[in-house]
Amino acid sequence: MSIDPGTMAEMWRLSDKIKNYNEERAGRTGQPLTAFVKTFGCQMNEHDSEKLKGMLARMGYDVVPDYQLSDSALIPDVVVFNTCCVRENAEDKIFGQLGAIKGAKKHKPDMIVIVCGCMTEQEWVVERIKKSYRHVDLVLGTGNTYRLPEYMAKRIFENKRVIGAESEDSVPEGVPMMRDDKFKAYVTVMYGCDNFCSYCIVPYVRGRERSRKADDVIDEVKGLVQSGAKEVMLLGQNVNSYGKGAGGDGTDFAALIRRVACETGIERVRFMTSHPKDLSPELIRAIAEEPAICSQLHLPVQSGSTSELKRMNRKYTREKYLGLVSEVRKLIPDVTLSTDIMIGFPGETEEEFEDTLSLLEEVRFDAAFTFIYSKRQGTPAAMSPDQIPEDVVNERFKRLVDTQNRISREKNEALEGKTLSVLVEGPSRTDPARLTGRTEGNKVVNFDVDAAALGERCLNRPEAGDIVPVKITRAETWSLEGVYCG
Ligand code: 5AD
Ligand code: SF4
């Protein structure tokens, strides 16, 4: 739970000690010490990495955006792997990259290799790292990353290898952060998940649900607004059960998001990820009523079949989900809806799969993140004898993706000719003369700015961080094209 002030003060003390040591070393060699954080997985991990980078910067490291293993002068002094284990292919990739860094350590024996994040909360992973990845120096868990300075101090000053995450269900406050974006920020409001969907490893590696105090969230968002943020995404593994588990202060998620929208001066607020069972009528009303809350909802359905949903332990039926969607659309007609779908869950019949396809047609999501079921050791579904053959899964996956791509494109085409407000992110990656940004529905828009028109109307060219009107001229499957019409 909340970390006592003494523990946090100790982290600051150790950070300063490491910083002094690093400054002295850098003074001797004329080279600043560098650190690189590699992130795998979801937004929660991306945001945890912002905290890891913040802590490393505070310890005097120059945080670099990439690393080079071939040139020993460019090998960082610290490399952190912030890992994900939600699907097996993520884990395989991480072990591959961890193996690849072994050679670099021969060139630079002082390099500190750290593994943290979801993978490290599995015993077999810790054992494998201990035995087969001896170049890894430190392993932290998901709940104790705030202890990075303590682990680093053990490695630097006592030359200790500390492998083995002590699980902690903590709610740390005041951890320094190095945010990737000035205008759009992640804010964690709760940690952990108590849902135990039968395929999912998250409740085992992220611990029990626990919430931050509403005032701490509000203070963080106010601070962000002061430093220029225009949009915040409230994060939690199961964000709309905010306030129900440990911690918190009696505020529920609908009340929290209203406070964020009304008290902080932020222009846009959105959230990830919701569980349909916790989508309250109050939350739907809050989205409908508060102008700062984006008309957008990510509501993972996983399957359109009630029998499959039951085996997944999702605690709602197809009809309940469809009822929620019509409630949402009644109150928020222009809502942008997205979802997560899983294919190939054990025992999935052709009929159940067709129910999922028909749900896609019925709801017409703007976007769906589609996943092939991956067997996760320790979850109930992994024990099922009815694993689906690969060829069947692949064929279903293709039908699913084809269906959703068509719908996504049609939904985007319906926006042609409309003017949407877009938060500008900067020049477009493919054409720097154009700009790119996101709509309230979180859709990417690449758009032109007509220089002549700007001149005629004495307007300034929009810049990153501006929220501007853009007329949609063309739809793609995953993005929109437009023209600035300020
Ligand atoms: N296999 C495949 N996909 C999974 N997800 C969670 N667990 C698994 C698994 N074992 C997907 C779910 C979830 C998303 C974040 O990841 O669809 O909503
Ligand atoms: Fe996993 Fe279900 Fe929790 Fe989402 S709600 S993190 S899918 S257990």
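The values are calculated or read from the model by the stated rules, or taken from the named source; none is laboratory data. None of the values given here were measured: they were computed from a predicted structure. Because the Cβ atoms are built from the backbone with ideal geometry, glycine has one as well, and the counts that use them run over all protein chains shown. For the accessible areas, the whole protein counts, side chains as well, though only heavy atoms, and no ligand, DNA or RNA atoms are used. Shrake-Rupley method; radii C 1.70, N 1.55, O 1.52, S 1.80 Å.
Only one residue of Leu234, Thr83, Met11 has its Cα farthest out toward the positive end of the dipole of the chain, where Lys and Arg carry +1 and Asp and Glu -1 on Cβ, and that residue is Met11. Once C-alpha pairs closer than 8 Å and six or more residues apart are averaged by separation and normalised to the residue number of the chain, the relative contact order reads 10 percent. Ligands, DNA and RNA aside, Asp181 has an accessible area near 50 Å² when probed at 1.4 Å. Relative contact order of the range 419-484, taken over Cα pairs closer than 8 Å and 6 or more residues apart, is 37 percent. Helix-only arithmetic for the chain: the sum of -39500 (n - 2.57) across DSSP H runs with n ≥ 4, divided by the residue total, places the mean residue ellipticity at 222 nm at -11500 deg cm²/dmol. What shape does the range 1-113 have by the C-alpha gyration tensor, where a ≥ b ≥ c are the square roots of the eigenvalues, rounded means a/c under 1.5, and otherwise prolate means a/b greater than b/c and oblate the rest? Oblate shape, in that a/c is at least 1.5 and b/c is the bigger or equal ratio.
Summary value for the range 133-241: 28 percent relative contact order, contacts being C-alpha pairs under 8 angstrom separated by 6+ residues. Solvent exposure of the chain amounts to 43 Å² per residue of accessible area, where only protein heavy atoms count and the probe is 1.4 Å. Of the beta bridges in the chain, as assigned by DSSP with both residues counted there, near 30 percent are antiparallel. Cα gyration tensor of the range 99-226, axes a ≥ b ≥ c as square roots of the eigenvalues: rounded (a/c below 1.5), prolate (a/b > b/c) or oblate? It is oblate, given that a/c is not under 1.5 and a/b is not larger than b/c. Of all lysines in the structure, the ones whose alpha carbon falls short of 20 Å from that of Lys53, not counting any fewer than 8 places away in one chain, are Lys17, Lys19, Lys38, Lys154, Lys182, Lys184.
Share of carbon and sulfur in the accessible area of the chain stands at 50%, probe radius 1.4 Å.
Rounded to whole numbers, the Karplus 3J(HN,Hα) couplings from phi for the range 459-470 are 9, 8, 5, x, 10, 3, x, 7, 9, 10, x, 10 Hz, using 6.51 cos²θ - 1.76 cosθ + 1.60 with θ = phi - 60°, and x at Gly and Pro.
Less than 5 angstrom separates the built amide H of Thr34 from those of Asp62, Asp77, Val78, all sequence-distant by 5 or more or on a different chain.
Put a plus charge on the Cβ of each Lys and Arg, a minus charge on the Cβ of each Asp and Glu, and nothing anywhere else: the dipole of the chain about its Cα centre is then about 1120 debye. The charge dipole of the range 325-371, taken about its Cα centre with unit charges on the Cβ of Lys, Arg, Asp and Glu (plus for the first two, minus for the last two), comes to roughly 360 debye.
Take the alpha carbon gyration tensor of the range 249-327, find the square roots of its eigenvalues, order them as a ≥ b ≥ c, and report rounded if a/c is under 1.5; if not, report prolate when a/b exceeds b/c, else oblate. Prolate.
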